Every structure is written in structure tokens, then in C-alpha cells.
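Trainee: Have a look at this one before I ask anything.
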Amino acid sequence: MSATHLRGVKPTVTADQAPLVRVPKLPKTGRYIMARNLTQPLGKRAVQKAVEDVREKIGARAGANRLDPHGWRYTAAKQLAEAGCSDAEIQAVTGHKTLAMVQKYRAQASQSRASKAAQDRRERTKDE
């Protein structure tokens, strides 16, 4: 399915725990979501340009309404780590090529969890 086939489809962006883009289920007509034709994917730069064009059209490139696709990947990786997912599960969702990057997110999640526990403990003992 080429990017032009998505015209008229209205993806929704939710603001619950992490921004998620939900595209209505469409019939599968090829191997790729964004493709030149049924068998060839769009190149990385073409996909980046298509995403930038959408962000520009909806006013989401800067300011309070800024949407950053890498931020979605980062948030997903961190939340999966916080939820206790294995490195392999996180890697499967995010597409990271190396375990080193997944372990970076796991370390950040562990640090966040330890920080929250310390702050909670401090609040509990504050009144004693």
C-alpha cells in the first residue's frame, strides 16, 4: 500500500499513557505499510519526509503540540521495561538492532523505579 492510499484515512492520536497512533484496519494489499508498489518498500528518507509532511500539516512539529516519532519509540521502550518485559520482548516491539540500546532503557526504567520508591519512602517517614 503506498502512502497515497492512506488519503482519507483518519488516524487518531491518543494522549493516554503514551501517544499512540491508531490507524483503522485496512485490507492488506501488499507487503509494506508505506510502499512504492506491492513488493518494494519506500526508502527511509521517503518515509521520514512523509511523516514530516503530516506533522507540518497538523501543526505538530514544534511547541506544545510537538509530536516526535522517536519519542514514541523511547516512551514505549521505557514503559515496556517498567512493566517488566524481557529485553527480547522490548527489542521485538521497538526494533532496536542491539541489546545495548534495550539495556539502556531498562537501566533508565530501573533508575526511575528506584527514585519513585525513595521518594515514597521519604514521604512516609516525613511525618514520623
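Trainee: Say R0 is 41 Å: what FRET efficiency, to the nearest 0.05, do ARG45 and GLU123 get from their beta-carbon distance?
Mentor: 0.25
Trainee: Something else now. Could you sort the peptides 60-66, 49-55 by per-residue average Cβ neighbour count (10 Å cutoff), highest mean leading?
Mentor: Listed from highest to lowest mean packing, they are 49-55, 60-66.
Trainee: For region 36-103, compute Rg over Rh where Rg is the Cα radius of gyration and Rh is the Kirkwood radius from the inverse mean 1/r over Cα pairs. Provide the component values of the computation, followed by the final result.
Mentor: Values: Rg = 15.0 Å, Rh = 14.0 Å.
My calculation puts Rg/Rh at 1.07.
Trainee: Given the pairs LYS44/LYS97; LYS78/LYS116; LYS28/LYS97, which span a C-alpha to C-alpha distance of over 20 angstrom in this model?
Mentor: Listed pairs above 20 Å: LYS28/LYS97.
Throughout, read-outs are computed from the coordinates displayed, never taken from laboratory work. No experiment lies behind these values; they were computed from the predicted model shown. No Cβ is skipped: glycine too gets one built from the backbone with ideal geometry, and neighbour counts run over all protein chains shown.
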